Amino acid sequence: MLDPTPAQERLLRSYAGAARRAHNWALDQVRQNLSTRSAERAAGISEDQLSGSLSWSAYSLSRLWNEVKETEAPWWREVSMHAFRSGIRDAAAGLANFSDSKLGIRAGKPVGFPRFKSRNRSTPSVSFVEINHQLSWLSPSRHAVRLMLPRSPSDPTIRRRRDQLAWIHTTTSTRRLYNLVASGRARIQKVTISYRGGRWQAAYSVRYLAGLPARRAIARSARLGGTVGVDVGLVHLATLDQSVPGLTDEAGHIANPRILENQLERPAKLNRASSRTKQGSKNRAKLRRRRARLLGRIATTRALYLHHLTNALVDRFDAVAIEDLNLTGMGNKKGHLGRSVADASLGELRRQLAYKCSERGATLVVVDRFYPSSKTCSQCADRGVEAVRAKLPLSSRVFECGRCAMSLDRDVNAARNIAREGARLLAERAKEHDVAGLRPETQNADLRSRQTGRAQSPPAAAA
Ligand SMILES: [Zn+2]
């Protein structure tokens, strides 16, 4: 998370604008070239007489840009070359995906022609690639809360910008990354600066060179092993399927930090204030920006506390089961806000677990979102019977089973179901691979359940 000065922020915005300009210019060149050639073809001109086809590589598009930048962007000297390169690189990557998809060598959904970026609707972002001077990215002080943007030495305006865009304050420590890079265990491939959730953020793409960091040593008595299920909601930061001393309360809940409780009350107020303003008015736009910033702050606060949780989970258990992101938007009808906060938390939880699990040799299991974790009775399911309730209003905090008369906190019930389903998936996967025991270090970090063929028998333990 960056904390730029107003002058630095203006520069970052102009960098992002320059990246967008070059990105759109490159796409436009390619589109014009394609349409010229297809018009010529339609007019019956033979293939060897067509206008030359344009190379889509970042290298040749950059060369072309250098020839025209004086007319296309007369202000180019005011911005680092890195910014234009960033936009052209993005355009070239999008074009490569598009052509790979057309040729059928790209897996997944078909990819269309890359979209042009709009000033208002796209996320301002710019990325920097610098491979030679790795440590120039980061402040030499290990307690650094600063970041450095690279400067091109051949740039004539360097002296003017030097004072403005040297070090940018970060609100989080870069110490871990600095240590990894300084000791030669990792290399930074790319730094992307973007404006999300009302704040500027820096994201580093890192390649690990040597072996991954070993599992952190924790007291043997603290290790529990087996699979843990995690449910993310609004009322609690998270809920586990079991109680873990020093981490959860007796039921398995991890409470929201108080600072978050205070933050969570405010978006509703902003929503109400916003509904009193006129559509399209300046006041409404202002409130919308304030709301975005607040939601960003809530997400950051949660992310901060989730690190404590994910460290504890990865160190204590062999496998961690979570739910897939609710991309369809089903289930939570309480309002846009609660859902976006909970979904952002789940996304962040998954991101942290994915890299921590693969670093420290645990397994992350993602349970399909079609699995009705909050509507299934965990006690009946433990006995091998499927008892699913058709509807469970969000307001009722307790799950009551009509079959076995169990009454349990709804989040704990959901976490237990997630744990059982996760363990079942792991067992199924182990069987598929025909290995006697699970070897967590070779497990894929992103194991998904299938929609069909759910076994009816109770799962084998994955411990
Ligand atoms: Zn039941």
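The values are calculated or read from the model by the stated rules, or taken from the named source; none is laboratory data. Everything quoted here is computed from the prediction, not taken from an experiment. Here the Cβ is made from the backbone with ideal geometry for all residues, glycine too, and neighbour counts use every protein chain on show.
Please go through segment 225-242 and give me each residue that is among the small types (G, A, S) and more than 18 Å from P257 (Cα to Cα), ordered by number. Scanning segment 225-242 gives G225, G226, G229. Residues in segment 360-386 that are part of a strand (DSSP E or B) and among the hydroxyl-bearing types (S, T, Y) were compared, and the one that is nearest to the ligand (Cβ to nearest atom) is T376. Among the residues of segment 387-423, which ones are within 11 Å of the ligand (Cβ to nearest atom) and either part of a loop (DSSP other than H, G, I, E, B) or of a type outside the set (A, V, I, L, M) (or both)? The answer is A387, R389, F399, E400, C401, G402, R403, C404, A405, M406, S407, N413.
Tell me which residues, restricted to segment 366-380, are within 23 Å of the chain's Cα centre (by Cα) and either under 15 Å from D241 (Cβ atoms) or not assigned by TED's automatic domain parsing to the domain that holds E421 (or both).
Selection gives V367, Y371.
A count restricted to segment 277-291 and to residues that are over 22 Å from T123 (Cα atoms) and surrounded by fewer than 10 Cβ atoms within 10 Å (Cβ to Cβ) stands at 2. Checking each residue in segment 179-192 for being in contact with a Leu (Cβ under 6 Å, 6 or more places away or on another chain) and closer than 16 Å to L2 by Cα picks out no residue at all.
Within segment 261-291, the set of residues being assigned to a loop (DSSP other than H, G, I, E, B) and touching a helix residue (DSSP H, G or I) at 6+ places or on another chain (Cβ under 7 Å) comprises T277, K278.
Selection of segment 262-291 for residues being under 24 Å from the mean Cα position of the chain (by Cα) and under 30 Å from H308 (Cα atoms) yields Q263, L264, P267, R289, R290, R291. Of everything in segment 336-389 that is crowded, with 17+ Cβ neighbours inside 10 Å and among the hydroxyl-bearing types (S, T, Y), the residue that is nearest to L295 (Cα to Cα) is S345.
For segment 35-57, taking the residues that are in contact with a Leu (Cβ under 9 Å, 6 or more places away or on another chain) and in a helix (DSSP H, G or I), the one that is surrounded by the fewest Cβ atoms within 10 Å (Cβ to Cβ) is identified as R41.
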